[in-house]
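To keep things clear, I will list the structure first and then write my remarks on it.
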Amino acid sequence: MRSANDIAVYNSRIPHMRSLAPRFSRAACLVVLMLMRAPIMLASDWRAPEEQLARKIAAATGPGQAALDVVNRSSLRRADVEEIRRTLLTDLAALGVNLATAGQAVATVRITFSENLQSYVWVAEIHRGNNEPLVVIVASPREIRAAEEQPTAALMIQKTLLWTDETRILDVALVNSNPQRMIVLEPESAVLFRFQDGRAQQEQSMPLSHSHPWPRDLRGRLVLRKDHLFDAYLPGVFCRSSAIAPVVLNCFESDDPWPLGTDHSGLKAFFTPSRNFFTGALSPGIEQQQTVGAFYSLAMLPRDKFLFAAVDGQVHMLDGVTNQTLERADWGSDIASVQSGCGQGWQVLATGGGKGDMDTVRAFEIADHEAVAVSQPAEFNGGITALWAEPDGTGTIAVLQNSETGRYEAYRLSIICGQ
């Protein structure tokens, strides 16, 4: 059986969403990325670093008008960031640098708040005309805030290995039957397994017919059905199984929207056939909101709210009326929700950077439009390529390619409540 790469056309890899904006210089990117991972802490006094950063910026821009952009990639809360920003504007004005729009400014300044284990690190990248961007850095010591240390009742992510194969895995679905069955979606087939004595035994392999080559970053989605076994969604292709064994799979070209989230969400979105993301057009929509920016994945929240991991590197929260950007969502491009009954009842599982070739998944809860970590990261020996919510919402399916063996692995992830 040929893999997807044998017949692939070009399509760029899913970018890691916590990467910095494209205009960041290489030096600034390296500085910020090395300083981002840290526990929540608090600096004792902002005045000294505010004055120091303002002086460095003014020395680089000179007197005149400047456009200011502030990005928070640290544990600072929104109120702290706004206060620091206001003070910086006051200090800059006293030094002859006044705030202006990008069209009126002679210089643009992008400030990124980051951190390491010992210090908050504020990085300002300054653009003036056609000159090379100048980067200035200010560090401020941090003190541990005891009230915000890791809670003793933190949740835990349970990993259960379902299947491993040399062939690429796109999605896995567990069928609630006796005996239990499992469907594995691959680039060229859907394979049905039966569990016997704790082991998965192949029952049937159903080929997927398609007239166009798959994109390189191929994605696929399995959806279990009540009147037949399952549907499979792939770029530009829809497949429907028969209801009785032996299972027959009928595939045809289709631009129908893919079901996302859980069975309870009822939300669908249109997929871009030649790429690896959703266009942003929703069906039927979230009340008054019919579209959102192009996105990679979504997670459902209580009270009909949804999080979208957008291709612009942001995480957006929609409630049918408003579209808000989530604070401190330094996540990867794959997110999914779990209805665990622990903590707030719902958690969002999000991918994030690990060390080297490793990837992580961590559980978060949403409080006041901020993502609050409620579990330690679950580590994986390879990059996560898919993260799909299960139909009942009690778990997710995570797929990765093992960086050591090269084999693909599919896990079921669920939440265990803290003791």
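The values are calculated or read from the model by the stated rules, or taken from the named source; none is laboratory data. Keep in mind the model is a prediction, meaning the values are calculated, not measured. Please note: Cβ atoms are built from the backbone with ideal geometry, for glycine as well, and neighbour counts cover all protein chains shown.
A compact table of results
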{"read-out": "Qualifying strands (runs of 3 or more DSSP E) (wholly inside region 226-319; at least 1 residues being touching a Phe, Trp or Tyr at 6+ places or on another chain (Cβ under 6 Å), among the polar types (S, T, N, Q) and not assigned by TED's automatic domain parsing to the domain that holds D330)", "value": "237-241"}
{"read-out": "Index of the failed condition, A190 passing every other in (1) surrounded by fewer than 20 Cβ atoms within 10 Å (Cβ to Cβ); (2) in contact with a strand residue (DSSP E or B) (Cβ under 8 Å, 6 or more places away or on another chain); (3) touching a residue at least 24 places away in the same chain (Cβ under 8 Å)", "value": "(1)"}
{"read-out": "Considering residues of region 405-419 that are in a loop (DSSP other than H, G, I, E, B) and in contact with an Asp or Glu (Cβ under 8 Å, 6 or more places away or on another chain) only, the residue farthest from I183 (Cα to Cα)", "value": "G406"}
{"read-out": "Looking only at region 361-387, and only at residues there that are under 15 Å from N402 (Cβ atoms) and among the polar types (S, T, N, Q), the one that is modelled with the highest pLDDT", "value": "T385"}
{"read-out": "Some residue of region 334-344 being among the β-branched types (V, I, T) and either under 22 Å from R73 (Cα atoms) or not in a loop (DSSP other than H, G, I, E, B) (or both)", "value": "yes"}
{"read-out": "Of residues in region 280-317 being hydroxyl-bearing (S, T, Y) and surrounded by fewer than 18 Cβ atoms within 10 Å (Cβ to Cβ), the one modelled with the highest pLDDT", "value": "T291"}
{"read-out": "Complete set of residues in region 319-341 that are modelled with pLDDT under 90 and either at negative phi or buried (at least 19 other Cβ atoms within 10 Å of the Cβ) (or both)", "value": "D319, V321, T322, N323, Q324, T325, L326, E327, R328, A329, D330"}
{"read-out": "Residue within region 176-185 that is touching a Leu at 6+ places or on another chain (Cβ under 6 Å), outside any loop (DSSP other than H, G, I, E, B), crowded, with 17+ Cβ neighbours inside 10 Å and of a type outside the set (A, V, I, L, M) present", "value": "no"}
{"read-out": "Given (1) farther than 21 Å from R221 by Cα; (2) part of a strand (DSSP E or B), number of the condition A398 does not satisfy", "value": "(1)"}
{"read-out": "Residues (part of a strand (DSSP E or B) and at pLDDT 95 or above) located in region 205-222", "value": "S205, M206, P207, R221, L222"}
